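A quick write-up on the structure given underneath.
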Amino acid sequence: MKKIIAFAGSNSSNSINHQLITAIAGQITSCETTVLKLTDYNIPMFNIDTENESGIPEDVLLLKTEIEKCQGIILSVNEHNGAVSAFFKNILDWLSRTDRNYLEGKKVLLTSTSPGARGAKSALEYAKASLPRFGSAIVESFSFPSFQENFDSEKGRISNDTLQLGIDEVVASFLQEVQATD
């Protein structure tokens, strides 16, 4: 069975991106899907001096191992001032130090959400442009607008039928690509 990991690029304890990713991952039955929380990993702020003195942090290597074991990644990025959060960018920086192509051959479904109508589109575009540099193939992307209006946090599900159909469509396309991997 193919393996998928899902995670949000946010370090908020109430992350709406994590809620979205959990709901999406919960729909998938054809693959072994694991939802990770990046805050469970103890990853310091990247600094070349830290790397030179101590090497790559153990938790960065643990996260890289999780990435190596999967064929697909579902990622939801949050937006801070028109870009991905510093928290997530830091993780990308550390992972790139382990291996420039640490996402080689990985199929990616990229999502984003925010309280606003743009659904963190700027962060989504940043991630779409940067992740392929590390070897990934962005299969699909989806910007989920106005999170509080379109998601039922108590039930952990999308409450807008039109947006649910859009998610269903990109998930189906993503799963088809993941299933086709060697």
message: Give me, ordered by chain and number, the residues 5 or more places off Arg157 or on other chains with an amide H under 5 Å from its own placed amide H.
response: Asp152
field: Amide H contacts under 5 Å for Ser12, placed H, 5+ residues apart
entry: none
Taking the chain and dividing mean pair separation by its residue count, relative contact order in percent (alpha carbons under 8 Å, at least six apart): 22 percent
message: Looking only at the chain, where both bridge partners belong to it, what percent of the DSSP beta bridges are antiparallel (to the nearest 5)?
response: 15 percent
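Given just the C-alpha atoms of the chain, how large is their convex hull per residue in cubic angstrom? Write down the numbers at each step before the final one.
Values: hull volume 19.1 nm³, N = 182.
Per residue, the Cα convex hull of the chain comes to 105 Å³.
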field: Amide H contacts of Ala6 (H built 1.01 Å from N, under 5 Å, at least 5 apart or other chain)
entry: Thr34, Val35, Leu36, Ile74
message: At q = 0.16, 0.24, 0.27 Å⁻¹, what log₁₀ I(q)/I(0) does segment 112-156 have when each alpha carbon counts as one equal point scatterer in the Debye sum?
response: -0.50, -0.80, -0.89
task: Quick one: angle between helix 86-98 and the longest Cα principal axis of the chain, in degrees between 0 and 90, rounded to 10, please.
output: 50 degrees
GNM flexibility winner over the chain from Ser136, Ser54, Ser76 (Cα, springs under 10 Å): Ser54
field: Highest-MSF residue in the chain out of Gly82, Gly55, Gly72 [GNM, Cα springs under 10 Å]
entry: Gly55
- request: On a 0 to 90° scale, report how tilted helix 161-179 is relative to the longest principal axis of the chain, with both axes built from alpha carbons and the result rounded to the nearest 10.
  value: 50 degrees
field: 222 nm mean residue ellipticity, helices alone, for the chain (DSSP H n ≥ 4; -39,500 (n - 2.57); rounded to 500)
entry: -12500 deg cm²/dmol
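Using 1/(1 + (r/R0)^6) with R0 = 35 angstrom and r between the beta carbons of Thr181 and Ala83, what's the FRET efficiency to the nearest 0.05? Display every interim value, and only then the final one.
On the way: r = 30 Å, r/R0 = 0.86.
The formula returns an efficiency of 0.70 here.
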field: Using alpha-carbon coordinates, inclination of helix 121-130 to the longest axis of the chain, degrees
entry: 40 degrees
Percentage of interatomic Cα-Cα distances in segment 18-71 larger than 14 Å: 64 percent
Most mobile listed residue (Ser96, Ser112, Ser30) in the chain, GNM with C-alpha springs under 10 Å: Ser30
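Going through segment 94-182, which chymotrypsin sites (Phe, Trp or Tyr not before Pro) have at most 16 other Cβ atoms within 10 Å and a DSSP loop state?
On the way: sites: Trp94, Tyr102, Tyr126, Phe134, Phe142, Phe147, Phe151, Phe174; in loops: Tyr102.
Answer in residue order: no site qualifies.
Quick note: the coordinates plus some simple rules give every number you see, no bench work behind them. Everything numeric here is computed off the predicted structure, so don't read it as measured data. All Cβ positions, glycine included, derive from the backbone under ideal geometry; neighbour counts span all protein chains shown.
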